[in-house]
1. Within the range 35-53, track down each residue that is touching a residue at least 12 places away in the same chain (Cβ under 8 Å) and over 20 Å from residue 197 (Cα atoms).
2. Taking residue 62, is it in a helix (DSSP H, G or I), within 27 Å of residue 149 (Cα to Cα) and either in contact with a strand residue (DSSP E or B) (Cβ under 9 Å, 6 or more places away or on another chain) or not assigned by TED's automatic domain parsing to the domain that holds residue 214 (or both)?
3. Is one or more of the residues making up the range 273-283 touching a helix residue (DSSP H, G or I) at 6+ places or on another chain (Cβ under 6 Å) and outside the structural domain of residue 146 (by TED's automatic domain parsing)?
4. Name the single residue, out of those in the range 128-153 being out of contact with any helix residue (DSSP H, G or I) (no Cβ under 7 Å at 6 or more places or on another chain) and closer than 16 Å to residue 169 by Cβ, that is surrounded by the fewest Cβ atoms within 10 Å (Cβ to Cβ).
5. With the range 65-159 as the region, which helices (runs of 4 or more DSSP H) entirely inside it contain at least 2 residues that are in the same structural domain as residue 234 (by TED's automatic domain parsing) and farther than 29 Å from residue 271 by Cβ?
6. Considering only the range 22-31, how many residues are out of contact with any helix residue (DSSP H, G or I) (no Cβ under 7 Å at 6 or more places or on another chain) and either surrounded by fewer than 12 Cβ atoms within 10 Å (Cβ to Cβ) or part of a helix (DSSP H, G or I) (or both)?
């Protein structure tokens, strides 16, 4: 009963098999492996972007930080939400890799999404102090959001339109990219460059890879700078074929889509069962992550029975009847029997 995070789950068999296959013999390093050539071709086809620059790194923090550093000057600011991973959970890595660019919050606290109005208001505040203040820089959007909701295509396009009206680039943090794509029933192109996104961190790790993320620039003019930043930042793998092999196994035969579909279906099954028990959700669960309020006594019962998840706004100390919110995340490898066991325990059976 492990619902702590989708980065805690098992790797996909197809990913492991691809690594084993790539382990035969010798291969050129630093991204010159045959597998990387195949990955680039696959991603360009999937995203309908034949000129896109495609690179692989090992972590989402690296993907986000190096992509933003490529799009941002040190004297600029990056616009994001208060709960964005780049703001909350990357130990100032974006600021470090950009050489000191700051982050500006473009949504109110405890809100899952920025809106065109909140983004425009945040942008308007900057560049009002001339040389003394930060200059306007990239907009970074998280999809799936950190609260488990999903920007619609219309919402993404509206945000990109605001950014473009100020001539600002847009970065999409897609750690759970495929979960959002499946939830929307759209194509990768529709959720990125067709909406106005310039660069995307295309996640693999949370959806069944061991540890690989793709960084995609739809304008190849950014390619060389990213390559230099990746090398200078210490994130150019020597035995790169093992990154490439993961992504190759992930993308073969729609494995990546099937994994996200399973994760989302698991979350829908869990959310439906919790609703039937009268649980309330802080935000509507739209992909594979949810924030649900349950009595403290229920949390104690679940955790004592071995369930693993994070309490979000409280502890186990206090009145057993008090409602405490937990974050629950489903991955592709969960099965319905485990979810039903969790629901039975939550019901006190």
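The values are calculated or read from the model by the stated rules, or taken from the named source; none is laboratory data. The model shown is predicted, which means the values in this text are computed figures rather than measured ones. Please note: Cβ atoms are built from the backbone with ideal geometry, for glycine as well, and neighbour counts cover all protein chains shown.
1. Our first condition is that a residue be touching a residue at least 12 places away in the same chain (Cβ under 8 Å); within the range 35-53, this holds for 35-36, 38-40, 42-43, 46-49, 51-53.
Result: 35, 36, 38, 39.
2. On the way: in a helix (DSSP H, G or I): yes; within 27 Å of residue 149 (Cα to Cα): yes; either in contact with a strand residue (DSSP E or B) (Cβ under 9 Å, 6 or more places away or on another chain) or not assigned by TED's automatic domain parsing to the domain that holds residue 214 (or both): yes.
So residue 62 passes the test.
3. Looking through the range 273-283, at least one residue is touching a helix residue (DSSP H, G or I) at 6+ places or on another chain (Cβ under 6 Å) and outside the structural domain of residue 146 (by TED's automatic domain parsing).
4. 135
5. Where helices (runs of 4 or more DSSP H) fall fully within the range 65-159 and carry at least 2 residues being in the same structural domain as residue 234 (by TED's automatic domain parsing) and farther than 29 Å from residue 271 by Cβ, they are 93-97, 116-125.
6. Total satisfying the criteria: 4.
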